Amino acid sequence: MQTITIIPQVGIPDHLIGEVKSKLAYVDEAIIKAQIDESGREIKLELRHPMEETSLKHLEEKVQQVVSTMTQGAIQPKIQVLEDNMAVLTPYCNDPTEELIQQCELHGETAGVFTLGPMLTRLIEFFEENFITLAASFEAKPYRFPTLIPARYLERVNYFRAFPHSLTFATHLREDLDAIDHFAQHAACDESGHLNQPPESFAKIQTLLSPAVCYHLYFSLADKPLPGGKMVATAVGNCFRYEAINLTSLERLWNFTMREIIFIGDKDFVLENREISRQRMARAFKDIGLAYRVETANDPFFIGEFRKQAAFQSAFQLKYEIRARLPFKESTLAVGSYNYHQDFFGRHLNITLPDGSPVHTGCTAFGLERMAYAFLCQYGTDFKQWPDVVREYVYG
Ligand code: AMP
Ligand code: ZN
């Protein structure tokens, strides 16, 4: 192992330290830990193995490039807080992860991939019941979407450009008897769990693991007028976002589940319903006793797209995040979001309103594992400490 310090040519402003840090995870496979000091003037990287001088120089260039691309000309977004319930008193102040592992409630399969036990499952069902009630209040139509998504779909909505770093690809063995035979005879995993097979054995990539739920609905409506000019739908699904060394505990998963309520129609219809869903959830979160706030936010766009897209999202208030308090580290975690995509999907996928103009879309999205994790960070694993509504649902 080797630790190196890099002094960025441009200082990293406070509001970008977290964003830049999360992107350092993708700079080089050798990086196993990245830290930026509070002043934004020093980057420390832990490397898997010592590196030669030329490789180190190249690594430093890549780091400098990340910092300058993300920070030069960046304007600090004005964060607007729409709800502040951070002062709700909650009894617990630790990270429940170790306890959950000991209680066999949590089992890590590989980085960012976990199985959940009966208590966590019931807890997620409790939150799901709240979200399904919210969906029912809009008479949302239920949908089921596949886990795979065609590469062509994501290409059509510029996903490759915006979020290349977090993609997960699906493939299979080529339809070739020699390749399949070779695999059957020789496939084995090394100590790190990597398959020893040559890339030529695998077919070209046509599908990926889906990074979001609502995309599937937009694609099913593509290239035609939207019947009736508006709709509300809901679905829950597996989502995949590869987050490299940022994959720690239940906070950040490679494979997670999301419940979405999706609004499609004209601008007013989407914005009004996004707002109504926020207000209805505010009441539900109050009953549950969650400490959180809702504030304007941006998506984690990749380096080249970050500055422009993040500024655009925040200027037009396209994303509000529900950020639950994590008392043990005095920070917050996004457990859900209220999104407005303007007519982005309507334009790119040619979905039209009765007057021929593109539809507007929006979605309310909840991360189910994060919801349960944030709750346990605030209330602990001892159900006697839990709010009555939650305890009664989970334990009857
Ligand atoms: P987004 O579409 O990025 O706003 O995601 C919606 C919700 O999904 C977030 O608020 C999180 O609760 C959850 N989520 C997103 N990425 C992850 C992840 N890597 N691990 C766990 N939950 C996630
Ligand atoms: Zn969505």
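The values are calculated or read from the model by the stated rules, or taken from the named source; none is laboratory data. These numbers come from a predicted model, not from an experiment. A quick note on method: Cβ atoms are made from the backbone with ideal geometry, for glycine too, and the neighbour counts reach across all protein chains shown. Areas reflect the complete protein model, heavy atoms only, side chains present, ligands, DNA and RNA absent. Shrake-Rupley method; radii C 1.70, N 1.55, O 1.52, S 1.80 Å.
I want to confirm something. Restricting to the range 369-382 and keeping residues that are touching a Phe, Trp or Tyr at 6+ places or on another chain (Cβ under 6 Å) and open to solvent by 10 Å² or more (accessible area, probe 1.4 Å), which single residue is nearest to ligand 1 (Cβ to nearest atom)? Per the criteria, the residue is Glu369. Filtered by the rule that a residue be within 12 Å of ligand 2 (Cβ to nearest atom) and assigned to a loop (DSSP other than H, G, I, E, B), the range 319-368 gives a lone residue, His341.
Let's see how each residue does on (1) open to solvent by 30 Å² or more (accessible area, probe 1.4 Å); (2) in contact (Cβ under 8 Å) with a residue 60 or more places away in the chain; (3) farther than 26 Å from Glu243 by Cβ:
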{"site": "Ala87", "(1), (2), (3)": "yes, yes, yes"}
{"site": "Leu100", "(1), (2), (3)": "no, yes, no"}
{"site": "Ala111", "(1), (2), (3)": "yes, yes, no"}
{"site": "Gly117", "(1), (2), (3)": "no, no, no"}
{"site": "Glu129", "(1), (2), (3)": "yes, yes, yes"}
{"site": "Tyr153", "(1), (2), (3)": "yes, yes, no"}
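For the range 197-235, which residues satisfy the criterion of being touching a Cys at 6+ places or on another chain (Cβ under 7 Å) and open to solvent by 20 Å² or more (accessible area, probe 1.4 Å)? Scanning the range 197-235 gives no hits.
Of the helices (runs of 4 or more DSSP H) lying entirely inside the range 128-247, those carrying at least 3 residues that are within 17 Å of the chain's Cα centre (by Cα) are 159-162, 214-220.
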